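Structure record follows, encoded as structure tokens.
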Amino acid sequence: MNMEFTEEQLSDEIAATRFALIELTLFLDTHPSDAQALQLFTEYRDKLMALSEQYVGLFGPLEIYDVSGKNGWTWGITPMPFEGGR
């Protein structure tokens, strides 16, 4: 996934993809043998992983498990949402 986004656009795309993935998860809980839903789940999961990796590479960690420790403690360096960040 080599699209260029601003931080806000990328964050919004991650949120939308995460929402779709959660909805597909709920659907699959009640329709576990739906092959089309399972295929969509796989596509959205892969998309979310790629978008998240792109975000972390450009803007820093999204989740606490994105902190590798290689460059020191990078969690909380950018403004948190309550500080005007995303």
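The table below gives the values:
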{"item": "Which listed residue, of F41, F27, is over 20 Å from D66 (Cα atoms), in contact (Cβ under 8 Å) with a residue 12 or more places away in the chain and aromatic (F, W, Y)", "result": "F41"}
{"item": "Residue satisfying condition, being assigned to a helix (DSSP H, G or I), under 21 Å from A16 (Cβ atoms) and under 18 Å from the mean Cα position of the chain (by Cα), within set L38, L48", "result": "L48"}
{"item": "Residues located in the stretch 19-34, provided they are surrounded by 11 or more Cβ atoms within 10 Å (Cβ to Cβ) and either in contact with a strand residue (DSSP E or B) (Cβ under 9 Å, 6 or more places away or on another chain) or assigned to a loop (DSSP other than H, G, I, E, B) (or both)", "result": "H31, D34"}
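Rule-based calculations on the coordinates, nothing more; no lab input. Please read all numbers here as calculations on a predicted model, not as lab measurements. When we count neighbours, we look across all protein chains shown, and the Cβ atoms used for this are built from the backbone with ideal geometry, even at glycine.
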